[in-house]
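Heads up, the thing below is written out as structure tokens.
The values are calculated or read from the model by the stated rules, or taken from the named source; none is laboratory data. Remember, it's a predicted structure, so these values are computed and weren't measured experimentally. All Cβ positions, glycine included, derive from the backbone under ideal geometry; neighbour counts span all protein chains shown.
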Amino acid sequence: MAKQLDYHTLREIFTRFQDAEAEPKGELDHVNVYTLLVAVALSAQATDAGVNRATKTLFTIADTPQKMLDLGEEKVIEHIKTIGLYRNKAKNVIKLSRILVDQYGGEVPCSRAALESLPGVGRKTANVVLNMWWRHPAQAVDTHIFRVGNRSGIAPGKDVDAVERAIEDNIPVDFQLHAHHWLILHGRYHCKARKPLCPTCIIRDLCQFEDKTI
Ligand code: SF4
């Protein structure tokens, strides 16, 4: 685990991320906040591309909690059966849709506690929805952010909670809204798990990783 980088280095790193991509976007397809919530819940232990393939038709048929209930669990299973843990995920999609209809008038609530109380929605899923839809500077630490944070020293921590705290405590607040996507995209396309693309990395001179590729 690298040492936590200082304020000025972090400001320089995120200025470079911002110059390269001012408005980084998540890659999960959705048409409204409800379909975003469902897509994020489905993405646990699955790739965004795999989820997008599975939801392409599903979301044209069921883009509201009531339409999802009308479709029913068995049909939801048919649409998402290419995704890992699909039976359990389909069950949760139906259960959370029922709660949204019964308790929230068919709307998706915009508080972390309310989101986390929904079946199949953990802190990470809630944070992604809060960040992407309501532009709340919430950090959802996935495998990419965990790896980049620890290798580079941007946000070192022994577990995802520690990395989330390191981001919130150390990254200048004007970069916090987009930190989540800059780090995910950097991890997915540059700081790859097996062979990071260090020679072309825009923060190579600031990164603390001792085993940079050449
Ligand atoms: S220099 Fe290499 S290890 Fe460091 S952030 Fe860039 S790709 Fe990752």
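Within the range 190-209, residues that are within 19 Å of Arg11 (Cβ to Cβ) and not assigned by TED's automatic domain parsing to the domain that holds Pro156 have Cβ atoms under 8 Å from residues that are of a type in the set (Asp, Glu) and near the ligand (Cβ under 6 Å from one of its atoms) in no pair, counting only partners at least 6 apart in sequence or on another chain.
Restricting to the range 188-214, count the residues that are near the ligand (Cβ under 6 Å from one of its atoms) and part of a loop (DSSP other than H, G, I, E, B).
Total meeting the criteria: 10.
Of the helices (runs of 4 or more DSSP H) lying entirely inside the range 43-91, those containing at least 3 residues that are more than 19 Å from Ile184 (Cβ to Cβ) and in contact with a His (Cβ under 7 Å, 6 or more places away or on another chain) are 48-61.
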